[in-house]
1. What do you get for Rg/Rh over the range 81-204 if you use C-alpha atoms and the Kirkwood form of Rh?
2. Which loop-located trypsin sites (Lys or Arg not before Pro) does the range 87-152 contain, where loop means any DSSP state but H, G, I, E or B and the Cβ has at most 10 other Cβ atoms within 10 Å?
3. Going by amide H atoms built from the backbone, whose H comes under 5 Å of the H on ASN177, apart from near neighbours?
4. Where nothing but the Cβ of Lys and Arg (+1) and of Asp and Glu (-1) is charged, how large is the charge dipole of the range 50-204 around its Cα centre, in debye to the nearest 20?
5. What residues qualify as long-range amide H neighbours of PHE122, i.e. H under 5 Å apart, gap of 5 or more or another chain, H built at 1.01 Å from N?
6. Contour minus end-to-end for SER153 and ASP191, with contour as 0.36 nm per residue of separation and end-to-end as the Cα-Cα distance?
7. Could you work out the local net charge near SER153, counting Lys and Arg as +1, Asp and Glu as -1, over the other residues with Cβ closer than 15 Å to its Cβ?
8. In nm, what is the difference between 0.36 nm times the number of residues separating SER80 and HIS117 and their Cα-Cα distance?
Amino acid sequence: MSAYKRGGDLYRTNAEKRAAKAAANMYRVPSEQTMTLVHLTNYWGTDIDPDQGRVDREVGCHCLWCQALATRNDNRICFSFGSRAVEVSETNLYGFDQGKWNLWKVSGRRGSKGDGHYFWKFVLMPQGIPGKGKANLQAKGWELLTDYGIDISNTDLLNELTQILGEYWNDDSDDVNHVHIGVFLNGQVFDCPEKVHTHAFHHS
C-alpha cells in the first residue's frame, strides 16, 4: 500500500491487487468493531440536502460527504468541515435505497501540509443509477471495490465496508490515513436529528 501511494496511480495489476488484499488481512478491523460514518456540517436544520452543496470536481455529482471512522473512538476525524457531527446509520442508508450498493475508489493523495496525513476518497452509490453504471465510472478512472454489490436488505453493509476499508485505515506506512466517502443519494434529502453534539467523537 505505501509503495502504491508513492506511485499515486489508481491502476494496479491483478497480481498487485491480490498482494494488497493479502497484506490487508493483517490489518482488518474485527467484525464486531463496525465503522461509523460521520457527516460534518455547520448547518443545524433537520433536513440536509446534498444538492445544495458544492460538487467535488473529481466526483462530478452531489453527494452527502462523510468521514469513515474505523470505530467511534477513531481520532482521525477532521473537524474543519463543520462544528456539527451527524452520524449516518445503516438504517439511514437503507431508507435511501433497499437494494445493492457499490463502493468506488476515486483517488488517494497526500495532504498538502507535509505532516504525514494521507486522504482517500470514495463514493458509495446504489446500483442501477442511470448514467452511473460500471462502464461509465470505470472510464472516469474509478475502481470498483464491491464486485457484485452489497445487498443492504440481507447484509450488514457497514460491516462489509469495515472489512473492505481495513487496508486504507491501517497500512504498512507511518501515515495517518483519512477515509472520506461521498454517499450518492440521487436527489434525496437526509432527514437527520435536530441536535447532535461533536463531543460524541474524539478530536484529533
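1. 0.97
2. LYS113
3. Those qualifying (amide H under 5 Å, at least 5 residues apart or on another chain) are TYR118.
4. Details: 15 positive and 20 negative charges, 120 e Å.
That gives the range 50-204 a dipole magnitude of about 580 debye.
5. VAL106, HIS180, ILE181, GLY182
6. Working: separation 38, 0.36 × 38 = 13.68 nm, distance 2.03 nm.
Here the segment from SER153 to ASP191 would lengthen by 11.6 nm.
7. Numbers: positive: LYS100; negative: GLU90, ASP97, ASP151, ASP156, GLU160.
Result for the local shell: -4.
8. Working it through step by step, the gained length comes to 11.9 nm.
Read the figures in this text as sums done on the coordinates, not as results from a lab. For clarity, every value in this text was computed on a predicted model and none was experimentally measured. Here the Cβ is made from the backbone with ideal geometry for all residues, glycine too, and neighbour counts use every protein chain on show.
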